[in-house]
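Working notes for the structure below.
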Amino acid sequence: MLVNNLKVSIKNNTILENISFSLNKEDRVGLVGINGSGKSTLLKAISKNIPIDSGEIKLQNETTGYLKQEITHEYFDYTILEYIKKEIGIDKLEERLHYLEKNLIDEVMDEYGELLNQYLQMDGYHFLDNLKIVLNGLNVKENLDAKIKVLSGGEKIKILLATLLLENTDILLLDEPTNNLDLEAIEWLENNLKKSHKKMIIVSHDETFLENLTTKIYELENGTLKEYHLSYKDYLKEKELEYNRNLETYLKSSAEKEKLKKQLQIKKEWANKGAHKKANNDNDKLANNYAKEKTNTKDISKLAKEIDAITLPNFEEKKPIQFFFNFDNEKGNKDILIDNLVCGYDTFTTPLLNLSIPFKSRLQIIGGNGSGKTTFIKTILKEINPKSGTITIGSGAKIGYISQDTLNEDINLTLLDYLKKGTKHFDLSFVFILLDKFNIPYSDKDKLYKDMSPGERTRVNLAKIALNKINILIVDEITNHLDKEALDLIYELISTYEGTIISISHNRKYNEILNPTLTLDITNGFVKRY
């Protein structure tokens, strides 16, 4: 595949410009960049889901498969099997082949042979077995006759991913393929893609996934693309070296410019004071020579030109991460005791859970999708009543919670009103100092919360709980949808937070930084202490 001078605009806003690159045999490219840099736009342009303004995309007889983000309502009454077959196109192929097989005459033999060849290329005779292997690898528990409409949001995403993996395409365009996958499914997907000979462009905020899978990195920044023929880890090292080189150049240029400005100011001051007058001490030759130098108008003009000639590079220094909570460390019991607890609903319950969570513990909750991890958290938060058993929370505990579902009942509030709601001791200046650390500008204060991106909403929710004095932090998949800059902030928070952390995450780097003292395997109620 060859992309040449590609330009893409959305609503008269140029998103990508002068984008050129090639995708060679078995390339697995990691496409990186901050949120809003155009990563998804580029994938949609290549897959012809959006039009391009100019340039060209040469596929060279190749086909592309793009990971869709949702299943539309028109397919909700299809079964899993019916939907995947329809999307791949094997349903009509099978139907036509069956018809021709019953009516084999000379006139249809050419058509039959051509369709049979297509069917063989799609591995049609093993399609059902391959489908079961993929769905099992992705931990889809529903049977193939289950309707799409009964699936959870995460399960629908898995069906879309399974469809893409089974398609007979040459190039995979994967936009956040690990979102909504549990750790076992992520590792299965990673191994599956490694074995594939297809070309790939992968957008993911899972740094471990990128490091283990990609062969090169393409970076989008300010609408342009830069290639790094490096692993993801080496790319990060090179970016750090680039930053340090640019910082050194910037500081040297700035210092030189400031030095010349001071010299120019001194010369102008001497000229204005009439530096041509005789120095106070005729014997002070140094003073006389200095005075003459300052009054030389040619020197002043030359110096001004030298200053104008110094162009400072377009460079922005990184803001140091100085994240903190208004931490409540007042006296009082802050432990949590889980005693013979069963969580769930009428159609689902967890195993019996017994667990002591001392203050300052770091609890990691693991288990497959649908095993009850979020249900357990909502039971602790008293949003769901336990089926049986008890949860005892110390009187000194102050809990802050960030959900993976950032769209809640407050979606129609402005950012400012959203932050005010439920927040004690509201200090507007402190709020926007805090938001600035999350790259949320003051000008967004009147923006509707629902109009913010998922990553922005997560950052806002982090800032909101930082305003309140909490000592127990409960987080549910907060790394989804965040760019690297925001993720680094989360990692800093997790590594430095002094209170209890109760956490669900399938992000392997996050879990390594969490360094849990307790792990609850909710599938079987097993507790491991480190």
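The values are calculated or read from the model by the stated rules, or taken from the named source; none is laboratory data. Nothing here was measured: the structure is a model prediction, and the numbers come from that model. Methodologically, a virtual Cβ is constructed for each residue, glycine included, from the backbone with ideal geometry; neighbour enumeration extends over all protein chains shown. All accessible areas refer to the heavy atoms of the entire protein, side chains included, with ligands and DNA or RNA removed. Shrake-Rupley method; radii C 1.70, N 1.55, O 1.52, S 1.80 Å.
Overview of results
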quantity: Carbon/sulfur fraction of accessible area - the chain, other protein chains in place, 1.4 Å, %; calculated: 48 percent
quantity: Between 0 and 90°, nearest 10: helix 153-166 axis offset from the chain longest Cα axis; calculated: 80 degrees
quantity: Residues listed by number, the stretch 346-388, amide nitrogen under 20 Å from ASN515 label point at 7 Å toward C-beta; calculated: 358-365
quantity: Rounded if a/c under 1.5, otherwise prolate or oblate - the stretch 8-143, Cα gyration tensor axes; calculated: prolate
quantity: Extended-chain gain in nm, criterion 0.36 nm per residue less alpha-carbon gap, GLU184 and SER429; calculated: 83.8 nm
quantity: Solvent-accessible area per residue for the chain (1.4 angstrom probe, square angstrom); calculated: 53 Å²
quantity: SER388-GLU56 pseudo-label distance in nm [points 7 Å out on the Cα-to-Cβ vector]; calculated: 7.1 nm
quantity: Rounded to 5, the percent of DSSP beta bridges in the chain classed as antiparallel; calculated: 50 percent
quantity: At R0 = 60 Å, FRET efficiency that the Cβ-Cβ distance of LEU352 and ASP123 yields, to 0.05; calculated: 0.85
quantity: Relative contact order for the stretch 72-209, counting Cα pairs under 8 Å that sit 6 or more residues apart, in percent; calculated: 28 percent
quantity: Gyration tensor verdict on the chain (Cα atoms; rounded if a/c is under 1.5, prolate if a/b is larger than b/c, oblate otherwise); calculated: oblate
quantity: Residue-by-residue Karplus 3J(HN,Hα) for the stretch 22-29, coefficients 6.51, -1.76, 1.60, Hz, glycine and proline x; calculated: 10, 10, 9, 3, 6, 5, 10, 9
quantity: Cross-link pairs beyond the 18 Å C-alpha cut-off, checked among LYS398/LYS509; LYS158/LYS450; LYS331/LYS398; LYS86/LYS147; LYS39/LYS233; LYS86/LYS158; calculated: LYS398/LYS509; LYS158/LYS450; LYS39/LYS233
quantity: Cβ-placed point charges (K, R +1; D, E -1), dipole of the chain about Cα centre in debye, nearest 20; calculated: 3120 debye
quantity: Residue range of the chain that is longest and free of GluC sites (Glu not before Pro) which are both DSSP loop and sparsely packed (at most 14 other C-beta within 10 Å); calculated: 71-315
quantity: Efficiency of FRET from Cβ geometry, GLU82 and GLU114, R₀ 22 Å, rounded to 0.05; calculated: 0.30
quantity: Cα long-axis angle, helix 297-309 against the chain (0 to 90 degrees, to the nearest 10); calculated: 10 degrees
quantity: Partners for LYS447 among lysines (Cα-Cα distance below 17 Å; same-chain residues under 8 apart left out); calculated: LYS420, LYS421, LYS464
